[in-house]
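Enquirer: The following block contains the structure, expressed as structure tokens.
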Amino acid sequence: MSYVTETLSNLIHQTAFFNLTWGNYLMIAVACVFLYLAIKKGFEPLLLVPIAFGMLLVNIYPDIMRSIEDSSNGVGGLLHYFYLLDEWSILPSLIFMGVGAMTDFGPLIANPKSFLLGAAAQFGIYGAYFMAIFMGFNDKAAAAISIIGGADGPTSIFLAGKLGQTGLMGPIAVAAYSYMSLVPIIQPPIMKLFTTEKERKIKMEQLRPVSKLEKILFPIVITIVVCMILPTTAPLVGMLMLGNLFRESGVVKQLTETASNALMYIVVIFLGTSVGATTSAEAFLNLDTIKIVVLGLIAFALGTAAGVIFGKIMCKVTHGKVNPLIGSAGVSAVPMAARVSQNVGQEANPGNFLLMHAMGPNVAGVIGSAVAAGILLSFLG
């Protein structure tokens, strides 16, 4: 009888209930909230579901992220191996290739002035960098944190890995992806604050047709120009443009299909779960995490505001031909930010169709955040 009792006692004490801290339970609750937002509210479920589930797993069973060095048998946890692909910048680069294969750069080619709106929205990145320095982070940590201002998860992970800030990668990545998912909540109040009803009602002229030759030359020219000036951007910009060249060349449909579908979604699973798994209570619940989350929100708000304000300037210069709302799409959240510009525009004027106009700054923002990362890496790497 004592043997049975002892066995049952051992089994009970091996359950997670006896090994978790209050912090683990808190993070489990946060993971459940994220799952609710993703599944019930539809907040970018492709991102939030794997991130939230990785968060859930690591706080129930921390050994799932155990490194090889800390393992007694030389075998790491499952999600640790996924996470190594983040550290090595493999997954962020593959995400960029998938984004390139899925995205039509035509609106940007048709309206090159969109580059200015994409560049203006990167103000949040540089603003966050100086704020992070002021809050006590070192140069490299501040640079890694600042990319959150562009709402660009893959670039945040890429830069944190390249600058050796793996200890902050979890909070940075979760903050960046969370703000990407919450774009429909965060951006509209800022957009309405800096624009008038009259400006939001502005209808823009239809974009000119873009030839196939232009679409083929664009990724090639951008790769040559950007990577020659900033070679450190080659992994991100190069993969983005390679994916787009697959799409526009028309001769590698199988590669386009793979990069934009099967491969993209496999990478999202690996990236999302591994990012979520960096949020163990021990690593996540500290003052630095709070600072990063607050900095990220301020930076994202600054980037959105800067894009809208520059949109207002372009509206004045063009005598009312540019709707300032498209400036908010200059952050890198593709295509969420462009859809928000469309929705806010239609609230003011149901006949307003801004989606394709907003895609220009949106695509420019992706390139802009990669360039910003390259600049920071060239100075600090």
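Enquirer: Within region 264-280, how many residues turn out to be part of a helix (DSSP H, G or I) and among the hydroxyl-bearing types (Ser, Thr, Tyr)?
Expert: 3
Condition check ((1) at pLDDT below 90; (2) surrounded by 21 or more Cβ atoms within 10 Å (Cβ to Cβ); (3) of a type in the set (Gly, Ala, Ser)) across all residues:
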{"position": "Val58", "(1), (2), (3)": "no, yes, no"}
{"position": "Tyr61", "(1), (2), (3)": "no, no, no"}
{"position": "Glu69", "(1), (2), (3)": "yes, no, no"}
{"position": "Leu79", "(1), (2), (3)": "no, yes, no"}
{"position": "Tyr83", "(1), (2), (3)": "no, yes, no"}
{"position": "Ser89", "(1), (2), (3)": "yes, no, yes"}
{"position": "Gly98", "(1), (2), (3)": "no, yes, yes"}
{"position": "Phe105", "(1), (2), (3)": "no, yes, no"}
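Enquirer: Take the conditions more than 21 Å from the chain's Cα centre (by Cα) and without any contact (Cβ under 8 Å) to a residue 12 or more places away in the chain and apply them to Glu257. Does it pass?
Expert: yes
Enquirer: Pairs only if they're at least six apart or on different chains, beta carbon under 7 angstrom, first in region 94-111 and more than 11 Å from Met356 (Cα to Cα), second at pLDDT below 95 and outside any helix (DSSP H, G or I); list them, first residue then second.
Expert: Every condition considered, the pairs that remain are Val99/Val334; Thr103/Val334; Ile109/Val210.
Enquirer: Within region 166-187, how many residues are crowded, with 23+ Cβ neighbours inside 10 Å, of a type in the set (Gly, Ala, Ser) and more than 10 Å from the chain's Cα centre (by Cα)?
Expert: 1
Enquirer: Right, Ala52: within 20 Å of Lys291 (Cβ to Cβ), at pLDDT 90 or above and either surrounded by 21 or more Cβ atoms within 10 Å (Cβ to Cβ) or of a type in the set (Phe, Trp, Tyr) (or both) or not?
Expert: For Ala52, the condition - within 20 Å of Lys291 (Cβ to Cβ), at pLDDT 90 or above and either surrounded by 21 or more Cβ atoms within 10 Å (Cβ to Cβ) or of a type in the set (Phe, Trp, Tyr) (or both) - is not met.
Enquirer: To continue, here is another question. Name the single residue, out of those in region 327-364 being crowded, with 19+ Cβ neighbours inside 10 Å, of a type in the set (Gly, Ala, Ser) and out of contact with any Leu (no Cβ under 8 Å at 6 or more places or on another chain), that is nearest to Ala305 (Cα to Cα).
Expert: Ser328
Enquirer: Could I ask something else about it? Among the listed residues Thr223, Thr195, which satisfies the condition of being buried (at least 18 other Cβ atoms within 10 Å of the Cβ) and in contact (Cβ under 8 Å) with a residue 24 or more places away in the chain?
Expert: Thr195
Enquirer: I need a count of the residues in region 281-326 that are outside any helix (DSSP H, G or I), at negative phi and surrounded by fewer than 19 Cβ atoms within 10 Å (Cβ to Cβ).
Expert: 4
Enquirer: For Ala151, are the conditions met, namely being closer than 29 Å to Arg208 by Cβ, out of contact with any Asp or Glu (no Cβ under 8 Å at 6 or more places or on another chain) and modelled with pLDDT under 90?
Expert: For Ala151, the condition - closer than 29 Å to Arg208 by Cβ, out of contact with any Asp or Glu (no Cβ under 8 Å at 6 or more places or on another chain) and modelled with pLDDT under 90 - is met.
Enquirer: Looking at region 327-381, which of the residues that are part of a loop (DSSP other than H, G, I, E, B) and of a type in the set (A, V, I, L, M, F, W, C) is farthest from the chain's Cα centre (by Cα)?
Expert: Step by step, filter region 327-381, then rank; the result is Phe353.
Enquirer: Can you name every residue in region 66-107 that is within 30 Å of Met241 (Cβ to Cβ), hydrophobic (A, V, I, L, M, F, W, C) and not in a loop (DSSP other than H, G, I, E, B)?
Expert: Phe82, Leu84, Leu85, Ile90, Leu91, Leu94, Ile95, Phe96, Met97, Val99, Ala101, Met102 - these are the residues of region 66-107 that are within 30 Å of Met241 (Cβ to Cβ), hydrophobic (A, V, I, L, M, F, W, C) and not in a loop (DSSP other than H, G, I, E, B).
Enquirer: Related question: How many residues does region 43-65 contain that are aromatic (Phe, Trp, Tyr) and either in contact with a strand residue (DSSP E or B) (Cβ under 8 Å, 6 or more places away or on another chain) or in a helix (DSSP H, G or I) (or both)?
Expert: Going through region 43-65 one residue at a time, the tally reaches 1.
Enquirer: Now, a different point. Quick one: how many residues across region 132-166 are assigned to a helix (DSSP H, G or I), of a type outside the set (D, E, K, R), farther than 26 Å from Lys312 by Cα and in contact (Cβ under 8 Å) with a residue 60 or more places away in the chain?
Expert: Selection size over region 132-166: 11.
Enquirer: Scan region 21-48 residue by residue and report those that are at pLDDT 90 or above, exposed (fewer than 14 other Cβ atoms within 10 Å of the Cβ) and among the β-branched types (Val, Ile, Thr).
Expert: Within region 21-48, Val33, Ile39 meet the criteria.
Enquirer: Sticking with this structure for a sec: Considering only region 273-318, state which residues are modelled with pLDDT of 90 or more and more than 21 Å from the chain's Cα centre (by Cα).
Expert: If the condition is that a residue be modelled with pLDDT of 90 or more and more than 21 Å from the chain's Cα centre (by Cα), then Ile309, Phe310, Gly311, Lys312, Ile313, Met314, Cys315, Lys316, Val317, Thr318 are the ones that fit.
The values are calculated or read from the model by the stated rules, or taken from the named source; none is laboratory data. The model shown is predicted, which means the values in this text are computed figures rather than measured ones. A quick note on method: Cβ atoms are made from the backbone with ideal geometry, for glycine too, and the neighbour counts reach across all protein chains shown.
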